[in-house]
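Report on the structure given below.
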Amino acid sequence: EGGAEGGGAGGGAGGGGVGDWPWPEDGMQVALFLGSVFYAFEGIALVLPIENALSASAASGSRCFRYEELIVVAMLFVVFLFACVGALCGLAFPDTGGSIVAYLALLYPSSSAMQLLNAAVAAAVLCTYPLQLAPAMPTLEAACCASSSFAASAAVRSAIVLGGALVTVVLPDVGLLVALVGAFTTTTIAAFPFLMQLRLAAAGAVPPLGFGRTLMAVWMVAFSGMVMVLGTYTALGAVCGRGEPLE
């Protein structure tokens, strides 16, 4: 889904026929595209419970990757996968900037295959929604609920799901919503680990990072901050009618 959305965000910028690369027309398209790219990596938060569940011996054993190395390999694979899917979607559908599946369903309303595909994607999102909530829910429940009862937990989770549904009703443009969420929230998820790493190294709580790691951490914080400011401003401008939203 992330790769298809990223390809869709890149598509629709320059138009053209099948096989034409959809180059962005202006800086607004670039900012929205970067927000969509960050959104595509929202699932990286799922690694946090995995790391917390690892024992010290399992995380640093000689017969397996260290956790950090495993994450780097996994991220490189995901980047390659998203780039391939996004590039193919951009080349095949250069005239749309939203969800490819929804675009095909609207383009072929009488096609049972397209309707079935759209329903399958909706079912996949519905079934994986609890998994996406997993990393954040323990913290949210602890902050919002005085008790740890099932009823309190269900109320918090239901409110979050209802809030998400209301957002999609208010802002039905999927591509624009993806760009806004990615720029405003996922950039923070990307920057915080590097900020914490720099802070811990400065306090002496972890070994010194070295020049290369420090440079990478500073670059990631600066880049995430830039995308957050420019992407959020651009997406909000499109929502408020100051620019052309993705179609």
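The values are calculated or read from the model by the stated rules, or taken from the named source; none is laboratory data. All values reported here derive from a predicted model rather than from experimental measurement. As a convention, Cβ positions derive from the backbone with ideal geometry for all residues, glycine included, and neighbour counts pool all protein chains shown.
Hey, any hits in segment 127-134 for a residue that's under 27 Å from Ala238 (Cβ atoms), without any contact (Cβ under 8 Å) to a residue 24 or more places away in the chain and either loosely packed, with under 11 Cβ neighbours inside 10 Å or of a type in the set (Lys, Arg) (or both)?
No, every residue in segment 127-134 fails to be under 27 Å from Ala238 (Cβ atoms), without any contact (Cβ under 8 Å) to a residue 24 or more places away in the chain and either loosely packed, with under 11 Cβ neighbours inside 10 Å or of a type in the set (Lys, Arg) (or both).
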task: Tell me which of these Met137 doesn't satisfy, since it passes every other one: (1) surrounded by 13 or more Cβ atoms within 10 Å (Cβ to Cβ); (2) over 25 Å from the mean Cα position of the chain (by Cα).
output: (2)
query: (1) in a helix (DSSP H, G or I); (2) loosely packed, with under 13 Cβ neighbours inside 10 Å; (3) without any contact (Cβ under 8 Å) to a residue 40 or more places away in the chain: which one isn't true of Ser148, the others all being true?
result: (1)
query: In segment 145-175, what residues are farther than 27 Å from Ala238 by Cβ, at pLDDT 75 or above and not polar (S, T, N, Q)?
result: Phe150, Ala151, Ala152, Ala154, Ala155, Val156, Arg157, Ala159
Matching entry among Val161, Val227, Val181, Val167 (being closer than 26 Å to Leu126 by Cβ, in contact (Cβ under 8 Å) with a residue 40 or more places away in the chain and part of a helix (DSSP H, G or I)): Val181
task: Determine whether segment 204-222 contains at least one residue that is under 30 Å from Ser99 (Cβ atoms), in a helix (DSSP H, G or I) and not β-branched (Val, Ile, Thr).
output: yes
